[in-house]
1. For the stretch 95-107, which residues satisfy the criterion of being crowded, with 19+ Cβ neighbours inside 10 Å and either out of contact with any Asp or Glu (no Cβ under 7 Å at 6 or more places or on another chain) or not in a helix (DSSP H, G or I) (or both)?
2. Quick check on the stretch 36-56. Is at least one of its residues more than 28 Å from Phe4 (Cβ to Cβ), touching a Pro at 6+ places or on another chain (Cβ under 8 Å) and among the aliphatic types (A, V, I, L, M)?
3. If we scan the stretch 22-32, do we find a residue that is farther than 17 Å from Ser123 by Cα, assigned to a loop (DSSP other than H, G, I, E, B), touching a residue at least 60 places away in the same chain (Cβ under 8 Å) and touching a helix residue (DSSP H, G or I) at 6+ places or on another chain (Cβ under 6 Å)?
4. Within the stretch 25-35, is there a residue that is at pLDDT 95 or above, among the aromatic types (Phe, Trp, Tyr) and within 19 Å of the chain's Cα centre (by Cα)?
5. If Asp55 satisfies every condition in (1) over 14 Å from the mean Cα position of the chain (by Cα); (2) assigned to a helix (DSSP H, G or I); (3) of a type in the set (D, E, K, R) but one, which is the exception?
6. Could you list, in sequence order, all residues of the stretch 50-69 that are hydroxyl-bearing (Ser, Thr, Tyr) and surrounded by 18 or more Cβ atoms within 10 Å (Cβ to Cβ)?
7. Only one of Leu47, Leu15 is surrounded by 15 or more Cβ atoms within 10 Å (Cβ to Cβ), under 19 Å from Ser123 (Cα atoms), touching a Gly at 6+ places or on another chain (Cβ under 7 Å) and not polar (S, T, N, Q). Can you tell me which?
8. Looking at the stretch 59-86, I want the residues that are without any contact (Cβ under 8 Å) to a residue 24 or more places away in the chain and over 24 Å from Ile101 (Cβ atoms) and have a partner that is in a helix (DSSP H, G or I) and not basic (Lys, Arg) with Cβ atoms under 6 Å, at least 6 apart or on another chain. Which pairs are those?
Amino acid sequence: MPEFRHVEADVLKSLHRLAELAIEEIVLAGFSASMIDDEQEPAGAKLEIDTGDYDTGGVYVDWKPHPQISEAVIQLAQAGDFENPIINKSATIKAAALEAILTVLKAANFNAEMSEEEMRPLSIKILSGPTTL
């Protein structure tokens, strides 16, 4: 199995700056936004930096609904109840929120698109920011 390659330090610094700029724009639009490991904000836009030195690396935005919905979805999925309306509700909320955030990012001159990565369904990939980072 090939060894996982991380991006160089200067690229990683640029990715962190790109994530910071994106969070600023998302918050300015009225959404909650934070890095994925920020436990203070359990819901809202969650940004993650994939440090892999591959096409799949970069900055991603995911949407986390209120913990009440997230926990219900987990319990329903574990029980095999995939037809429960709460699961559809959660997916609909996530898709709508991400579409709005994508619009916000594009309005702020970010180059971003819905991710086509199999491991990141229903997420946004930010390709570049409004300025040279």
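1. Selection gives Ala97, Leu98, Ile101.
2. Yes, the stretch 36-56 contains a residue that is more than 28 Å from Phe4 (Cβ to Cβ), touching a Pro at 6+ places or on another chain (Cβ under 8 Å) and among the aliphatic types (A, V, I, L, M).
3. yes
4. yes
5. All conditions pass for Asp55, except number (2).
6. Taking the stretch 50-69 as the starting set, the residues that turn out to be hydroxyl-bearing (Ser, Thr, Tyr) are 51, 54, 56, 60.
Of everything in the stretch 50-69, just one residue is hydroxyl-bearing (Ser, Thr, Tyr) and surrounded by 18 or more Cβ atoms within 10 Å (Cβ to Cβ), namely Tyr60.
7. Details: Leu47 fails: touching a Gly at 6+ places or on another chain (Cβ under 7 Å).
Among Leu47, Leu15, only Leu15 is surrounded by 15 or more Cβ atoms within 10 Å (Cβ to Cβ), under 19 Å from Ser123 (Cα atoms), touching a Gly at 6+ places or on another chain (Cβ under 7 Å) and not polar (S, T, N, Q).
8. Final answer for the pair search is Leu76/Ile87; Asn84/Leu76.
The values are calculated or read from the model by the stated rules, or taken from the named source; none is laboratory data. These figures come from a predicted structure and were not determined experimentally. Counting neighbours? That spans all protein chains shown, and the Cβs are built from the backbone with ideal geometry, glycine included.
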